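A quick write-up on the structure given underneath.
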Amino acid sequence: MKKLINDPKTVVDESVEGFGLAHADLVRVSPDPLFVARAGGATTGRVGIVSGGGSGHEPLHAGFVGHGMLSAAVPGPVFTSPTPDPIVAATLAVDGGAGVLHIVKNYTGDVLNFETAADLADAEGVRVVSVIVDDDVAVKDSLFTAGRRGVAGTVFVEKVAGAAAERGDDLDAVAAVATKANSVTRTMGVALQAGIVPHAGEPSFVLADDEIEIGIGIHGEPGRERVTLEPADRIVDRLIGPILDDLPFSSGDQVLLFVNGMGGTPLVEQYIVYRRAAQVLAEKGIEVSRSLVGNYVTSLEMQGVSITVAKLDAELTELWDAPVETASLRWGR
Amino acid sequence: MTLDLSWVTTWVDDTVAVVSDNRLRLSELDREIGDGDHGENLDRGFAAVKAKFDALPEGSTPGSALKLVATTLISTVGGASGPLLGTAYLKGAQALGDAAELDADAVVALLTAARDGVVLRGKAEVGDKTMIDAWTPAVDAATAAAASGASPAAVLRAAADAAVEGAASTEPLVARKGRASYLGDRAVGHRDPGAESSSLILIAAAEAAEATEG
């Protein structure tokens, strides 16, 4: 394992400390309990938005703290959800009297810890509403499983919810927008090679040189099948077909097309993926009215990408376009 | 024969040791069907518990000590196992109230409440390939042992033996909860790390009881 680290035990603390130093104009870091909040603090009368989860998915979530998006992010240990204490502390810190929305990716650990934190914050007199993101079409949603995972679509949910809070919507309205955004968002990913968790020191899973895993989650957990490596266009077809069938999307829809790198795949390959995905959508008469390409929800240095398609209406488009000023997403301001 | 606070402190000491000794093995089990940090997370949690127990408040009871284990695990472990195990200890502690001494029935009440807590939080049942597959046979065996007049230590030994078997029984199962559920059939042949760590905790409980009963 070659990594630019000092000690596996201090990876998250040191990384977040560096993040705070690099973006001191945007954020303040609370070292203990560990969370990242907007530099300006809570805004009176405005809904706070807190997200979080295991580290290793940077820039998710701290990279999206700032004007027009998150009020605070709570990083857990690498690939492990944070405990309730820092979530409660972040929630209390960003409450401006209008309550706080928790945006939670649907992983068992995240859901349980945020649920406990919401109860504790409620006991402190802060009203919390939680929205669970579950955009991943690769796994079955059934009563007998943990259900669909929350993956790259989380960025879309965080962006539009943040914009709704910024324009002054009340807590229920912000939660309704977040729920709507999640309901129209579908994602599927592929891994070419696993990342290496610092404290484990070896890859989370092993793929042969000619093998790829279709339908992975953001830690590399499998979803559909392991197949032989194919040309990029063919892999994109395997990802986007199930996405379009799932909602379903249809001719005339306007969508956001989001190609997300998992940390170890260069932009040159991400744009090849984007090209094919855009072709497929065009063939089906689906209009790509907004786009995003880059490393936004990573899995350490995992090689691979995910494709997200979100159906846009006038409100979601307006909220997506609204000004945002964070370390990793910035426009209109 | 009854168990008191010294049983709880010995149980915690033994658990800290066994979790530390099995840190890499538990993470290896987790790497096969999850994300490979179960041993790491539990070790961090129990190390924090040990620090708290080094300064256990005056007048602690078995229940209050177990509540301290619960809150410490919830606030240090993270992932799914923090809230699940934390809830187990919390509900177990509540079942004991402020009793200073535990007889066999109190031990059964503790284990039953702990199991019910895990079920409540995790919404899993036997056969889902989770820690419930260790806890439920343990509760059943403890209940039967107490009914036949066993001592608290013998009740815990019965529970531990059943939990060990229960953990082994998860190997042929398809996971239906947690991250391993995304593996589908590929989880078959691998032991659930949560069931395994639960069995280690219950073995520690039995050994501590045998040691303190002398």
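The values are calculated or read from the model by the stated rules, or taken from the named source; none is laboratory data. The structure presented is a predicted model; accordingly, all values stated were derived computationally and were not measured. For neighbour counting, all protein chains shown are included, and Cβ atoms are generated from backbone atoms with ideal geometry for every residue, glycine included.
Structure notes:
- So A:Gly252, is it within 14 Å of chain B (Cβ to nearest Cβ), among the small types (Gly, Ala, Ser), farther than 21 Å from B:Ser181 by Cα and surrounded by fewer than 17 Cβ atoms within 10 Å (Cβ to Cβ): no
- For the range A:120-155, a tally of residues being away from chain B (no Cβ under 14 Å) and either part of a loop (DSSP other than H, G, I, E, B) or charged (D, E, K, R) (or both) returns 7.
- When the range B:137-162 is filtered for residues that are in contact with a helix residue (DSSP H, G or I) (Cβ under 7 Å, 6 or more places away or on another chain) and hydroxyl-bearing (Ser, Thr, Tyr), the ones remaining, listed by number, are B:Thr143, B:Ser151.
- Looking only at the range A:277-333, and only at residues there that are assigned to a loop (DSSP other than H, G, I, E, B) and of a type in the set (Ser, Thr, Tyr), the one that is nearest to A:Glu213 (Cα to Cα): A:Thr298
- When A:Ala93, A:Ala117 are checked against the criterion of being away from chain B (no Cβ under 12 Å) and assigned to a helix (DSSP H, G or I), a single residue qualifies: A:Ala93.
- The residues of the range A:293-331 that are in contact (Cβ under 8 Å) with a residue 60 or more places away in the chain, of a type in the set (Gly, Ala, Ser) and either surrounded by fewer than 20 Cβ atoms within 10 Å (Cβ to Cβ) or within 21 Å of A:Ala37 (Cα to Cα) (or both), listed by number, are A:Ala322, A:Ala327, A:Ser328.
- If you check A:Arg238, A:Arg226, A:Arg186 for being over 19 Å from the mean Cα position of the chain (by Cα), away from chain B (no Cβ under 14 Å), of a type in the set (Lys, Arg) and not in a loop (DSSP other than H, G, I, E, B), only one passes: A:Arg238.
- If only residues of the range A:96-113 that are farther than 20 Å from A:Val160 by Cα and touching a helix residue (DSSP H, G or I) at 6+ places or on another chain (Cβ under 6 Å) are counted, the one that is farthest from the other protein chains (Cβ to nearest Cβ) is A:Asn113.
- Pick from the range B:67-114, criterion in a loop (DSSP other than H, G, I, E, B) and within 11 Å of chain A (Cβ to nearest Cβ), ranking: surrounded by the most Cβ atoms within 10 Å (Cβ to Cβ): B:Gly79
- Boolean, A:Ile87 is among the aliphatic types (A, V, I, L, M), in a helix (DSSP H, G or I) and surrounded by 21 or more Cβ atoms within 10 Å (Cβ to Cβ): yes
- Taking the range B:40-53 as the range and being modelled with pLDDT under 95 and either more than 11 Å from every other protein chain (Cβ to nearest Cβ) or touching a Lys or Arg at 6+ places or on another chain (Cβ under 8 Å) (or both) as the test, only B:Glu40 passes.
Listed here are the residues, each with its yes/no results for (1) aliphatic (A, V, I, L, M); (2) within 24 Å of A:Ala322 (Cα to Cα).
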position: A:Val111; (1), (2): yes, no
position: A:Ala123; (1), (2): yes, no
position: A:Val137; (1), (2): yes, no
position: A:Val157; (1), (2): yes, yes
position: A:Arg167; (1), (2): no, yes
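- Considering residues of the range A:10-35 that are touching a residue at least 40 places away in the same chain (Cβ under 8 Å) and closer than 10 Å to A:Ala72 by Cα only, the residue surrounded by the fewest Cβ atoms within 10 Å (Cβ to Cβ): A:Val27
- Of everything listed in (1) away from every other protein chain (no Cβ under 14 Å); (2) within 23 Å of B:Arg179 (Cβ to Cβ); (3) surrounded by fewer than 24 Cβ atoms within 10 Å (Cβ to Cβ), the single unmet condition for A:Ala73 is (3).
- Candidates B:Lys177, B:Lys129, filtered to the one that is under 24 Å from B:Gly39 (Cβ atoms), buried (at least 24 other Cβ atoms within 10 Å of the Cβ) and basic (Lys, Arg): B:Lys129
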